[in-house]
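The values are calculated or read from the model by the stated rules, or taken from the named source; none is laboratory data. These numbers were taken from a predicted model, which means no experiment stands behind them. Positions of Cβ are generated from backbone atoms using ideal geometry, with glycine treated the same way; all protein chains shown enter the neighbour counts.
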Amino acid sequence: MKQPVHGGNLAWAAEQIGCPFSSILDFSASINPLGPPQSVLTAIKSALSSVQHYPDPEYTELRQALSEWHKLPSEWILPGNGAAELLTWAGRQLAQEKYTYVMIPGFRDYWRGLQAFGANILPVSFPWQSSDALNCLYNLQERDAGIIINNPHNPTGKLFTTESLLPLLERFKLVVVDEAFMDFVEPEQQASLIPFIADYPNLIIVRSLTKFYSLPGLRLGYAIAHPDRLQKWQSWRDPWPVNSLAVQAAIAAINDEVFTEQTREWLSVTREHLLTGLSEIKGLNPIPNTVNFTLVESDISSSQIQKKLLQKYHILIRDCLSFETLGDRYFRIAVRTVTDNNKLLEGLSYLFS
């Protein structure tokens, strides 16, 4: 089986060591370990009989729920089969521009969508460890262009401020912002551009519901953009991209305020515990962040760390070989429960002893 580009490929990991994938502790996919919420599982069970009917092609109920959640008219919202499907249509839209800037290191799936539609891609290596990391974008020569950026940034976990992002909307013809991990950021720190969507017809925001609510197997995301743009996307894609169970799961999830609070309380404490433990291991340098994953700089090969952790401890981490400019001296790990994190710290301590 081919080495995976994305995290969370337990079938590949299980094949490497000849064990059932249920025995693998997965730190490679940045999924909330507290979920799925019980409210979501209950909603799915209650909706089982709906699978004998086609979903509402307009997704009226789901769009209305998201509309109330974000305080936006429902026609500005388009549900999709995970953020990945919506990034495909964003890629098609960006490919219509003369050039598309893509920040590196960055999420590799952006390239898939752009290359599928023949986009002229211009990679931009940005100083992600700098406090003014986006300055490199303000002075780019080509103005007749689009850009795709994620905030918080994957894989570094860096959060860009609203003030640093707004100039991009004046600078580029089309701006796509992937906010897949924004829900993990504390409310007072969040830097979503959703409040500005009505002011900038050149802005597209893509969000995910699968990471925060631990539903990656269900596939659910949504785009926020001008209604004319979303109507065009609707004409491009297959009918019924979101299944009936995912619709009800999403509605239950965004209304579960208790789960949201539990997740944020868990994350703020557990992330610091993990960062402290990593920083105490000589040879590792964890990068502080505001999300549910951590980028770690290593004195030794991350691919070798991945291999040894998998073999000895059945722990899977994400190497950064697919992230341009990072390479084999970085790896990315999800924040999991304290018990799981301690198992990882034990394994890393052994490897670096």
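Can you say whether TYR138 is aromatic (Phe, Trp, Tyr), surrounded by fewer than 14 Cβ atoms within 10 Å (Cβ to Cβ) and not assigned by TED's automatic domain parsing to the domain that holds THR294, as far as the supplied structure shows? Talk me through it step by step, then tell me what you get.
Working: aromatic (Phe, Trp, Tyr): yes; surrounded by fewer than 14 Cβ atoms within 10 Å (Cβ to Cβ): yes; not assigned by TED's automatic domain parsing to the domain that holds THR294: yes.
When the stated conditions are applied, TYR138 passes them.
Each row is one residue, and each column tells you yes or no for (1) aliphatic (A, V, I, L, M); (2) crowded, with 18+ Cβ neighbours inside 10 Å; (3) touching a residue at least 12 places away in the same chain (Cβ under 8 Å).
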{"site": "ASN120", "(1), (2), (3)": "no, no, yes"}
{"site": "SER131", "(1), (2), (3)": "no, no, no"}
{"site": "ASN150", "(1), (2), (3)": "no, yes, yes"}
{"site": "ASN154", "(1), (2), (3)": "no, yes, yes"}
{"site": "ARG171", "(1), (2), (3)": "no, no, yes"}
{"site": "VAL176", "(1), (2), (3)": "yes, yes, yes"}
{"site": "GLU186", "(1), (2), (3)": "no, no, yes"}
{"site": "PHE196", "(1), (2), (3)": "no, no, yes"}
Consider region 199-227. How many of its residues are farther than 18 Å from LEU41 by Cα and of a type in the set (D, E, K, R)? 2
If you take the residues of region 228-270 that are under 22 Å from the mean Cα position of the chain (by Cα) and among the acidic types (Asp, Glu), which of them is nearest to ILE44 (Cα to Cα)? ASP256
Just to check your reading of the model, which residue among GLU265, GLU257 is within 19 Å of ARG336 (Cβ to Cβ), surrounded by fewer than 16 Cβ atoms within 10 Å (Cβ to Cβ) and among the acidic types (Asp, Glu)? GLU265
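Find the residue count for region 233-269, including only residues that are β-branched (Val, Ile, Thr) and not in a helix (DSSP H, G or I). Full working, then the answer.
At the first step, the residues of region 233-269 found to be β-branched (Val, Ile, Thr) are 242, 247, 251, 254, 258, 260, 263, 269.
Going one step further and asking which of them are not in a helix (DSSP H, G or I), we end up with 242.
Within region 233-269, residues that are β-branched (Val, Ile, Thr) and not in a helix (DSSP H, G or I) number 1.
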Can you name every residue in region 134-178 that is more than 30 Å from ALA334 (Cβ to Cβ), touching an Asp or Glu at 6+ places or on another chain (Cβ under 8 Å) and modelled with pLDDT of 95 or more? ALA145, GLY146, LYS173, LEU174
Taking ALA246 as meeting all but one of (1) outside the structural domain of GLU68 (by TED's automatic domain parsing); (2) hydrophobic (A, V, I, L, M, F, W, C); (3) within 25 Å of GLY82 (Cβ to Cβ), write down the number of the exception. (1)
Considering region 32-58, residues that are among the small types (Gly, Ala, Ser) and surrounded by 13 or more Cβ atoms within 10 Å (Cβ to Cβ), and then whichever is farthest from the chain's Cα centre (by Cα), we arrive at SER50
Can you tell me which residues in region 59-72 are in contact (Cβ under 8 Å) with a residue 40 or more places away in the chain and surrounded by fewer than 18 Cβ atoms within 10 Å (Cβ to Cβ)? GLU61, TRP69, LEU72
Pair list, Cβ under 6 Å, 6 or more apart: region 1-24 residue not assigned by TED's automatic domain parsing to the domain that holds PRO216 and at pLDDT below 80, other residue among the basic types (Lys, Arg) and exposed (fewer than 11 other Cβ atoms within 10 Å of the Cβ): none
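Residue by residue through region 314-340, note down the ones that are within 17 Å of THR276 (Cα to Cα) and in contact with a Cys (Cβ under 9 Å, 6 or more places away or on another chain). Let's see the steps before the verdict.
From region 314-340, those within 17 Å of THR276 (Cα to Cα) are 331-340; that's our starting set.
Within region 314-340, PHE331, ARG332 meet the criteria.
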Among the numbered conditions (1) in a loop (DSSP other than H, G, I, E, B); (2) touching a Leu at 6+ places or on another chain (Cβ under 8 Å), tell me where VAL296 comes up short. (1)
When residues of region 270-293 are filtered for being part of a helix (DSSP H, G or I), closer than 20 Å to PHE181 by Cβ and touching a residue at least 60 places away in the same chain (Cβ under 8 Å), how many remain? 5
Failed item in (1) at negative phi; (2) within 24 Å of the chain's Cα centre (by Cα); (3) surrounded by 14 or more Cβ atoms within 10 Å (Cβ to Cβ), with SER22 passing the rest: (3)
What number goes with the only condition from (1) surrounded by 17 or more Cβ atoms within 10 Å (Cβ to Cβ); (2) at pLDDT 95 or above; (3) closer than 30 Å to ASP328 by Cα that THR290 does not pass? (2)
Would you pick out the residues in region 140-177 that are polar (S, T, N, Q) and either in contact with a His (Cβ under 9 Å, 6 or more places away or on another chain) or more than 18 Å from GLU188 (Cα to Cα) (or both)? GLN141, ASN150, ASN154, THR156
